[in-house]
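Shown next, in C-alpha coordinates, is the structure this report addresses.
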Amino acid sequence: MEIMQELLRQRSRLLQLLETTDAMIEQCRNAPAAQAAETPQIPLNPNEQLCSLCESPAFFKGKSVVAVLFPDGTRVEASTWKKFVEIIMRRCNSDPAKHRTLMDMRDRTPGHKRQLLSCTPDQMRSPLMIDDKLYMESHYDTETLLKIMLTRILDSVEYDYHGIYVVLRRASTL
(Lines give C-alpha, C1' and ligand atoms only; values in the text may rest on other atoms or scores of the structure.)
Protein backbone atom coordinates (compact mmCIF):
# COMPACT_ATOMS: atom_id res chain seq x y z
CA MET A 1 0.00 0.00 0.00
CA GLU A 2 2.88 2.39 0.77
CA ILE A 3 4.36 1.75 -2.67
CA MET A 4 1.07 2.69 -4.31
CA GLN A 5 0.86 5.95 -2.34
CA GLU A 6 4.46 6.82 -3.26
CA LEU A 7 3.76 6.09 -6.93
CA LEU A 8 0.70 8.33 -6.83
CA ARG A 9 2.73 11.14 -5.21
CA GLN A 10 5.44 10.78 -7.86
CA ARG A 11 2.82 10.79 -10.60
CA SER A 12 1.35 14.00 -9.21
CA ARG A 13 4.80 15.62 -9.15
CA LEU A 14 5.44 14.56 -12.75
CA LEU A 15 2.13 16.06 -13.88
CA GLN A 16 2.99 19.34 -12.13
CA LEU A 17 6.42 19.32 -13.80
CA LEU A 18 4.81 18.77 -17.21
CA GLU A 19 2.40 21.66 -16.67
CA THR A 20 5.23 23.95 -15.58
CA THR A 21 7.35 22.92 -18.56
CA ASP A 22 4.47 23.52 -20.99
CA ALA A 23 3.91 26.98 -19.49
CA MET A 24 7.62 27.82 -19.82
CA ILE A 25 7.67 26.65 -23.45
CA GLU A 26 4.65 28.83 -24.17
CA GLN A 27 6.36 31.84 -22.53
CA CYS A 28 9.47 31.29 -24.64
CA ARG A 29 7.36 31.09 -27.75
CA ASN A 30 5.68 34.38 -26.94
CA ALA A 31 8.85 36.16 -25.83
CA PRO A 32 9.70 39.35 -27.74
CA ALA A 33 13.10 37.92 -28.69
CA ALA A 34 11.45 34.99 -30.43
CA GLN A 35 9.26 37.37 -32.41
CA ALA A 36 12.03 39.88 -33.09
CA ALA A 37 13.16 38.01 -36.17
CA GLU A 38 12.35 40.04 -39.25
CA THR A 39 9.40 38.96 -41.32
CA PRO A 40 10.64 37.91 -44.76
CA GLN A 41 9.84 40.28 -47.57
CA ILE A 42 7.98 38.12 -50.04
CA PRO A 43 5.27 39.12 -52.46
CA LEU A 44 1.81 38.39 -51.11
CA ASN A 45 -1.58 38.80 -52.67
CA PRO A 46 -3.56 41.74 -51.27
CA ASN A 47 -5.88 39.28 -49.51
CA GLU A 48 -3.00 37.47 -47.72
CA GLN A 49 -1.15 38.14 -44.49
CA LEU A 50 2.05 36.59 -43.14
CA CYS A 51 2.41 35.38 -39.53
CA SER A 52 5.16 33.50 -37.72
CA LEU A 53 4.36 29.93 -36.73
CA CYS A 54 5.69 30.95 -33.30
CA GLU A 55 2.49 32.88 -32.63
CA SER A 56 0.32 31.34 -29.97
CA PRO A 57 -1.77 28.54 -31.50
CA ALA A 58 -4.86 30.35 -30.20
CA PHE A 59 -4.06 33.22 -32.60
CA PHE A 60 -4.80 31.00 -35.61
CA LYS A 61 -8.21 29.87 -34.39
CA GLY A 62 -10.91 30.90 -36.86
CA LYS A 63 -8.40 31.96 -39.51
CA SER A 64 -8.00 30.41 -42.96
CA VAL A 65 -4.61 29.10 -43.97
CA VAL A 66 -3.37 29.59 -47.53
CA ALA A 67 0.23 28.31 -47.51
CA VAL A 68 3.38 27.48 -45.55
CA LEU A 69 6.52 29.56 -46.11
CA PHE A 70 9.75 27.81 -45.13
CA PRO A 71 13.02 29.61 -44.21
CA ASP A 72 14.57 28.70 -47.58
CA GLY A 73 11.80 30.68 -49.31
CA THR A 74 9.81 27.64 -50.42
CA ARG A 75 6.09 28.31 -50.43
CA VAL A 76 3.76 25.31 -50.29
CA GLU A 77 0.03 25.81 -50.73
CA ALA A 78 -2.20 24.44 -47.94
CA SER A 79 -5.96 24.86 -48.17
CA THR A 80 -6.67 23.38 -44.71
CA TRP A 81 -4.95 23.31 -41.32
CA LYS A 82 -4.71 19.53 -41.62
CA LYS A 83 -2.81 19.91 -44.92
CA PHE A 84 -0.65 22.62 -43.31
CA VAL A 85 0.34 20.24 -40.48
CA GLU A 86 0.98 17.43 -42.96
CA ILE A 87 3.38 19.63 -44.97
CA ILE A 88 5.39 20.64 -41.89
CA MET A 89 5.44 17.13 -40.45
CA ARG A 90 6.66 15.68 -43.76
CA ARG A 91 9.38 18.34 -43.98
CA CYS A 92 10.47 17.47 -40.43
CA ASN A 93 10.35 13.74 -41.26
CA SER A 94 12.59 14.28 -44.31
CA ASP A 95 15.55 14.89 -41.95
CA PRO A 96 16.99 11.39 -41.23
CA ALA A 97 17.71 12.14 -37.55
CA LYS A 98 14.22 13.58 -37.00
CA HIS A 99 12.72 10.62 -38.88
CA ARG A 100 14.38 8.16 -36.48
CA THR A 101 13.10 10.11 -33.47
CA LEU A 102 9.57 10.32 -34.88
CA MET A 103 9.60 6.57 -35.55
CA ASP A 104 10.74 5.98 -31.96
CA MET A 105 7.87 8.17 -30.68
CA ARG A 106 5.19 6.04 -32.38
CA ASP A 107 2.74 4.53 -29.91
CA ARG A 108 4.60 6.31 -27.08
CA THR A 109 2.98 9.74 -27.42
CA PRO A 110 -0.45 9.53 -25.81
CA GLY A 111 -3.21 12.03 -26.34
CA HIS A 112 -6.32 12.12 -24.15
CA LYS A 113 -8.01 9.25 -25.98
CA ARG A 114 -5.66 8.09 -28.74
CA GLN A 115 -1.96 8.00 -29.56
CA LEU A 116 -0.75 11.15 -31.31
CA LEU A 117 1.76 9.20 -33.40
CA SER A 118 1.33 5.59 -34.42
CA CYS A 119 2.65 2.99 -36.83
CA THR A 120 -0.89 2.19 -37.93
CA PRO A 121 -4.00 4.31 -38.55
CA ASP A 122 -6.29 1.66 -37.04
CA GLN A 123 -7.03 3.30 -33.67
CA MET A 124 -7.06 6.88 -35.01
CA ARG A 125 -10.19 8.87 -35.76
CA SER A 126 -8.58 11.07 -38.43
CA PRO A 127 -5.13 9.69 -39.30
CA LEU A 128 -2.66 11.83 -41.20
CA MET A 129 -0.07 9.77 -43.08
CA ILE A 130 3.38 11.32 -42.61
CA ASP A 131 5.40 8.37 -43.92
CA ASP A 132 5.19 4.62 -44.32
CA LYS A 133 4.18 3.30 -40.88
CA LEU A 134 4.05 6.81 -39.39
CA TYR A 135 0.63 8.37 -38.76
CA MET A 136 -0.44 11.40 -36.74
CA GLU A 137 -3.89 11.89 -35.19
CA SER A 138 -5.40 15.08 -36.62
CA HIS A 139 -8.96 15.06 -35.29
CA TYR A 140 -8.60 18.34 -33.35
CA ASP A 141 -9.59 21.96 -33.70
CA THR A 142 -6.99 24.33 -35.19
CA GLU A 143 -5.56 25.53 -31.88
CA THR A 144 -5.19 22.04 -30.41
CA LEU A 145 -3.79 20.56 -33.63
CA LEU A 146 -1.10 23.26 -33.84
CA LYS A 147 -0.31 23.04 -30.12
CA ILE A 148 0.13 19.25 -30.36
CA MET A 149 2.31 19.54 -33.45
CA LEU A 150 4.52 22.25 -31.93
CA THR A 151 4.84 21.28 -28.27
CA ARG A 152 4.28 17.54 -28.20
CA ILE A 153 5.98 16.57 -31.45
CA LEU A 154 8.27 19.18 -33.03
CA ASP A 155 9.73 20.35 -29.71
CA SER A 156 10.30 16.71 -28.74
CA VAL A 157 12.31 16.01 -31.89
CA GLU A 158 14.06 19.39 -31.60
CA TYR A 159 12.84 20.58 -35.01
CA ASP A 160 13.47 24.30 -35.47
CA TYR A 161 10.24 25.86 -36.75
CA HIS A 162 11.05 29.46 -35.78
CA GLY A 163 11.72 30.47 -39.40
CA ILE A 164 8.46 29.00 -40.70
CA TYR A 165 5.66 31.41 -41.59
CA VAL A 166 1.96 30.92 -42.14
CA VAL A 167 0.27 32.65 -45.06
CA LEU A 168 -3.27 33.48 -43.95
CA ARG A 169 -6.27 34.71 -45.89
CA ARG A 170 -7.17 38.21 -44.72
CA ALA A 171 -10.70 38.61 -43.43
CA SER A 172 -12.79 40.42 -46.00
CA THR A 173 -13.86 43.92 -45.03
CA LEU A 174 -17.34 44.55 -46.41
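The values are calculated or read from the model by the stated rules, or taken from the named source; none is laboratory data. For clarity, every value in this text was computed on a predicted model and none was experimentally measured. Here the Cβ positions follow ideal geometry from the backbone for every residue, glycine too, while neighbour counts run over all protein chains shown. The accessibility values were calculated without ligands, DNA or RNA, using every heavy atom of the protein model including side chains. Shrake-Rupley method; radii C 1.70, N 1.55, O 1.52, S 1.80 Å.
HIS139 exposes around 80 Å² of accessible area when a 1.4 Å probe is run over every protein chain in place. Taking the longest Cα principal axis of the chain as reference, the axis of helix 2-30 is set at about 10 degrees. Solvent-accessible surface (1.4 Å probe) assigned to TYR159 amounts to roughly 40 Å². Taking every protein chain into account, the accessible area of region 128-173 amounts to 46 square angstrom per residue (probe 1.4 Å). So if I take the centroid of the Cα atoms in region 1-29 and the same for region 61-130, what is the distance between those two points in Å? Cα centroid of region 1-29 versus Cα centroid of region 61-130: 26 Å apart. Note on surface exposure: LYS133, LYS98 rank LYS133, LYS98 by accessible area, highest first, 1.4 Å probe.
Mean separation of Cα pairs under 8 Å and 6 or more residues apart, divided by the residue count, gives the chain a relative contact order of 29 percent. Electrostatic bookkeeping for ARG169 treats Lys and Arg as +1 and Asp and Glu as -1; over the other residues with beta carbon under 10 Å from its beta carbon, the sum is +1. With all pairs of separate Cα atoms included, the chain yields a Kirkwood hydrodynamic radius of 17.6 Å.
For the options LEU145, LEU15, LEU117, a Gaussian network treatment of the chain with springs between C-alpha atoms closer than 10 Å singles out LEU15 as fluctuating the most.
Ranked from largest, the principal axis spans of the Cα set of region 65-148 equal 35, 29, 19 Å.
Return the FRET efficiency for the residue pair ASP160, GLU2: r is the Cβ-Cβ distance, R0 is 45 Å, and the value is rounded to the nearest 0.05. Before the final figure, lay out the partial values.
Working: r = 45 Å, r/R0 = 1.01.
With R0 = 45 Å, the Cβ-Cβ based efficiency is 0.50.
Using only Cα atoms, what Kirkwood radius does region 56-102 have, in angstroms?
Its Kirkwood hydrodynamic radius stands at 11.8 Å.
Counting heavy atoms of the protein chains alone, ILE25 has an accessible area of about 50 Å² for a 1.4 Å probe. Expressed as a whole percent, the accessible surface of the chain that belongs to carbon and sulfur atoms is 53, based on a 1.4 Å probe.
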